[in-house]
Amino acid sequence: MAERDSLNIRPERIGGVHIEERNNTFRIIAGIIAIAASVGYAGYCFYTTADVFNPYKKTYEKLGIDLPRSFERYGLASRYLDQVTREPCDNVAVIALAKLVESAGYPRESAMSLEAYNRSCTFSEEMLQSAYAAYTRISDQKAAIRVADELVKFDSASYDYRFMRGAAYERSRDYKAALADYISTLDLFPDLSNVAGSQFYQVSAMYDKIGKPCDAIGPLETYISYNVKERQSQQIAKLISDYARKGNCAATYANGSARVLIPASNQIDVMINGSRARMVIDTGASLVSLTPEMAARARITPDTSDLVEVKVVGGLVKQATGYAQTLQVAEATAANVPLLIAVGSKDAFGPGIDGLLGMTFLSRYTVALSPGLLELKPRNRNLSPQ
């Protein structure tokens, strides 16, 4: 009986052991799968984030940028990256990629990639304009000026590019350089009478910023002079009045009047600091301009630190800034007249011509110009708001 009891095997106990063993096996298999999945996911994450596995690393290097691997999954990024990898100078793909880079939140990298294309492939105005806008967005004025410089070199006769660079200089608080570019902007316009008042105001504002409020009056009066009836306003009158009061310049700004006969050559005699000059009357020139020889005779020292580029009959001429202590046409006399001096160009305005009688003098008067006659009368400045 005891022997039978010792051999008493309970089937339900054996079954329970088998179930427990199967459960343990399932746990082990599930653990292995979980570990494999974790390792696989970790490997995937490492592959998609590690630079060593970055298939676009060389592409980024050519574009001069560095972006996180996550960018590859942004929009059509991988598609454009593939295109640029195959064809580094595909301008359509580069432009599309740069736009996507900026929209992903990387405006600096967008601008840098466009600059890199221009260095290594071919010049593109469109790309550099976009780069300028991106740098402006992030207030990197130094980079914006660099890009604008390239655009000015490409098209030195473009007033748009001069204005862009001037605006960047102004934002960086280099008002003297901004003034030079804003003056160039005006002088490169084919017709000053069609220029918006804001352009003249910016020149005035820069004069004021560099501590020359009397000079700030001229651009505003130049703007008015092209259409006195419509442009004479209380707002402009107040600006002029404020500048005049700030600089205490009303007494010597402009005195007297003149009535001068003009020959067919449109040339008249002018006295500059007591020296006689033969000048062409030019209402399309925003500033009085002189040859270097005339400036020397009049004892005017040119400031060559920020050159202005203007258009004359022979093309573009670089000019330095300066001042005439007095400029006189017959009995009309103005003091402290801003002017430009052609750099290294003896005959910039034609043989025997000492310069152009531009608007920094003429705008101080009411000008009546008819065939054979120039009349200068004191300008009515009784427009200050009461």
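Data overview
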read-out: Filtered residue count, segment 165-202, keeping only those that are in contact (Cβ under 8 Å) with a residue 40 or more places away in the chain and β-branched (Val, Ile, Thr); value: 1
read-out: Qualifying residue in segment 113-135 (condition: closer than 23 Å to TYR182 by Cβ, among the hydroxyl-bearing types (Ser, Thr, Tyr) and either modelled with pLDDT of 95 or more or in contact with an Asp or Glu (Cβ under 9 Å, 6 or more places away or on another chain) (or both)); value: yes
read-out: Elements of type helices (runs of 4 or more DSSP H) in segment 107-189, at least 3 residues being closer than 21 Å to THR59 by Cα; value: 107-120, 125-137
read-out: Considering residues of segment 214-238 that are over 26 Å from the mean Cα position of the chain (by Cα) and of a type in the set (S, T, N, Q) only, the residue surrounded by the most Cβ atoms within 10 Å (Cβ to Cβ); value: SER225
read-out: Residue in segment 347-363 that is farthest from the chain's Cα centre (by Cα), counting only those that are modelled with pLDDT of 90 or more and aliphatic (A, V, I, L, M); value: ILE353
read-out: Selection within segment 163-204 - in contact with a Leu (Cβ under 7 Å, 6 or more places away or on another chain), closer than 20 Å to THR283 by Cβ, crowded, with 19+ Cβ neighbours inside 10 Å and hydrophobic (A, V, I, L, M, F, W, C); value: ILE183, LEU186, LEU192, PHE200, VAL203
read-out: Positions within segment 71-94 being of a type in the set (Val, Ile, Thr), surrounded by 14 or more Cβ atoms within 10 Å (Cβ to Cβ) and out of contact with any Leu (no Cβ under 8 Å at 6 or more places or on another chain), in sequence order; value: THR85
read-out: Residue in segment 364-384 that is within 31 Å of the chain's Cα centre (by Cα) and aromatic (Phe, Trp, Tyr) present; value: no
read-out: Subset of segment 190-202 (residues that are in a helix (DSSP H, G or I) and over 18 Å from THR360 (Cβ atoms)); value: ASN194, SER198
read-out: Criterion violated by GLY211 - all others in (1) closer than 16 Å to THR321 by Cβ; (2) exposed (fewer than 14 other Cβ atoms within 10 Å of the Cβ); (3) in the same structural domain as VAL343 (by TED's automatic domain parsing) satisfied; value: (3)
read-out: Test: ASN227 is touching a residue at least 24 places away in the same chain (Cβ under 8 Å) and touching a strand residue (DSSP E or B) at 6+ places or on another chain (Cβ under 7 Å); value: no
read-out: Test: LEU81 is without any contact (Cβ under 8 Å) to a residue 40 or more places away in the chain, in contact with a Ser or Thr (Cβ under 9 Å, 6 or more places away or on another chain) and among the aliphatic types (A, V, I, L, M); value: yes
read-out: Matching entry among SER204, SER193, SER225 (being closer than 24 Å to GLU331 by Cβ and not assigned by TED's automatic domain parsing to the domain that holds MET359); value: SER225
read-out: Spans of strands (runs of 3 or more DSSP E) in segment 239-357 with at least 1 residues of a type outside the set (S, T, N, Q) and buried (at least 18 other Cβ atoms within 10 Å of the Cβ); value: 267-272, 275-281, 288-290, 303-312, 315-329, 332-342, 355-357
read-out: Residues being in contact (Cβ under 8 Å) with a residue 12 or more places away in the chain and either among the aromatic types (Phe, Trp, Tyr) or within 15 Å of LEU67 (Cβ to Cβ) (or both) - total across segment 100-122; value: 16
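The values are calculated or read from the model by the stated rules, or taken from the named source; none is laboratory data. What you see is a predicted model, and the numbers here were worked out from it, not measured in a lab. Note that each Cβ is placed from the backbone with ideal geometry, even for glycine, and that neighbours are counted across all protein chains shown.
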